[in-house]
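The values are calculated or read from the model by the stated rules, or taken from the named source; none is laboratory data. Owing to the predicted nature of the structure, the values given are computational and were not obtained by experimental measurement. For neighbour counting, all protein chains shown are included, and Cβ atoms are generated from backbone atoms with ideal geometry for every residue, glycine included.
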2 protein chains.
Amino acid sequence: MEHPTVIRPGEHAVWQADKMGKATLFSSPRVLVGLNAFEPGQEHALHAHAGMDKVYHVLEGEGLFLLEGRELPMQAGELLVAPDGVPHGVRNTGPGRLLALAVLAPAPGR
Amino acid sequence: MEHPTVIRPGEHAVWQADKMGKATLFSSPRVLVGLNAFEPGQEHALHAHAGMDKVYHVLEGEGLFLLEGRELPMQAGELLVAPDGVPHGVRNTGPGRLLALAVLAPAPGR
């Protein structure tokens, strides 16, 4: 994808029957803008990123933000920031698909 | 605001009669997660950030993404990335309020 361009995130989602699907909308050394797509029941287990902040923005569906010792209900339109080192995850507990924008700064693995 | 917590972005928007309103949802050296709120007719003129990538995500309303030599219609749910150094702006050409999430990585002015 060439940037800047108008992006409709839902058109780029990758759905997988066996596990959460991932797609990348933009990446640079500074930031990764991705999509996490969860079929009903799928989850991204609690994990942390050293030296990175993570922003989730729920685009479609509902579920739970997973944190250490807490599970927070989430729905479309809501946002959560997991600062550097804070373990976080997502579980689709809703009846339909759950799509979340996931922004990592800086980008991992470079 | 303590993080991580569930954020409903619209509840944090700052609206100003005289110019675009800004609010900060999260900031660290790595990333600034903010809101740009435009009353009808308001705009954020073309500008660029050296060494930073900017992600806009339209939460409410409609308008134009401003780029050098181009104006791209935008509406709620759409996203645009202005990579490092690419001049960009926003104009509310719609009949109602326009609210955009604006993510800058790394954060400016630190």
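Pairs, please: C-beta under 9 Å, at least 6 apart or cross-chain, first residue more than 7 Å from chain B (Cβ to nearest Cβ) and in region A:1-21, second modelled with pLDDT under 95?
Filtered contacts from region A:1-21: A:His12/A:Met1.
Considering each of A:Pro29, A:Pro108, A:Pro40 in turn, give the residue that is surrounded by fewer than 18 Cβ atoms within 10 Å (Cβ to Cβ), in contact with a Lys or Arg (Cβ under 9 Å, 6 or more places away or on another chain), more than 8 Å from every other protein chain (Cβ to nearest Cβ) and closer than 23 Å to B:Ser27 by Cβ.
On the way: A:Pro108 fails: in contact with a Lys or Arg (Cβ under 9 Å, 6 or more places away or on another chain); A:Pro40 fails: closer than 23 Å to B:Ser27 by Cβ.
From the options A:Pro29, A:Pro108, A:Pro40, the qualifying one is A:Pro29.
When region B:13-63 is examined, which residues are found to be touching an Asp or Glu at 6+ places or on another chain (Cβ under 8 Å), part of a loop (DSSP other than H, G, I, E, B) and under 22 Å from A:His3 (Cβ atoms)?
Matches in region B:13-63: B:Arg30, B:Val31, B:His49, B:Ala50, B:Gly51, B:Met52.
Within region A:44-54, how many residues turn out to be within 23 Å of A:Gly96 (Cβ to Cβ) and buried (at least 18 other Cβ atoms within 10 Å of the Cβ)?
Final tally of qualifying residues: 1.
State whether the residues of region A:60-67 include one that is exposed (fewer than 14 other Cβ atoms within 10 Å of the Cβ) and more than 13 Å from the chain's Cα centre (by Cα).
Applying the first criterion (exposed (fewer than 14 other Cβ atoms within 10 Å of the Cβ)) to region A:60-67 yields none.
Taking every residue of region A:60-67 in turn, none turns out to be exposed (fewer than 14 other Cβ atoms within 10 Å of the Cβ) and more than 13 Å from the chain's Cα centre (by Cα).
Please identify the pairs in which a residue from region B:50-61 that is on the phi > 0 side of the Ramachandran plot has its Cβ atom under 7 Å from the Cβ atom of a residue that is at pLDDT 95 or above, counting only partners at least 6 apart or on another chain.
B:Gly51/B:Asp84; B:Gly61/B:Ala76; B:Gly61/B:Asn92; B:Gly61/B:Gly94; B:Gly61/B:Gly96; B:Gly61/B:Arg97; B:Gly61/B:Leu98; B:Gly61/B:Leu99
Is it true that A:Phe65 is within 13 Å of chain B (Cβ to nearest Cβ), under 23 Å from B:Arg8 (Cβ atoms) and either without any contact (Cβ under 8 Å) to a residue 60 or more places away in the chain or of a type outside the set (S, T, N, Q) (or both)? Full working, then the answer.
Numbers: within 13 Å of chain B (Cβ to nearest Cβ): yes; under 23 Å from B:Arg8 (Cβ atoms): yes; either without any contact (Cβ under 8 Å) to a residue 60 or more places away in the chain or of a type outside the set (S, T, N, Q) (or both): yes.
Yes; evaluated as a whole, the condition is true for this residue.
Can you pull out every residue in region B:1-12 that is in a loop (DSSP other than H, G, I, E, B) and of a type in the set (D, E, K, R)?
Looking only at region B:1-12, we keep the residues that are in a loop (DSSP other than H, G, I, E, B), and these are B:1-6, B:8.
Listed by number, the residues that qualify are B:Glu2, B:Arg8.
When you look at A:Leu80, is it out of contact with any helix residue (DSSP H, G or I) (no Cβ under 9 Å at 6 or more places or on another chain) and within 9 Å of chain B (Cβ to nearest Cβ), yes or no? First the steps, then the outcome.
On the way: out of contact with any helix residue (DSSP H, G or I) (no Cβ under 9 Å at 6 or more places or on another chain): yes; within 9 Å of chain B (Cβ to nearest Cβ): yes.
The answer is yes for A:Leu80.
Pick from region A:68-77 the residues that are out of contact with any Asp or Glu (no Cβ under 9 Å at 6 or more places or on another chain) and in contact (Cβ under 8 Å) with a residue 12 or more places away in the chain: which of them is nearest to A:Leu35 (Cα to Cα)?
So the residue we want is A:Gly77.
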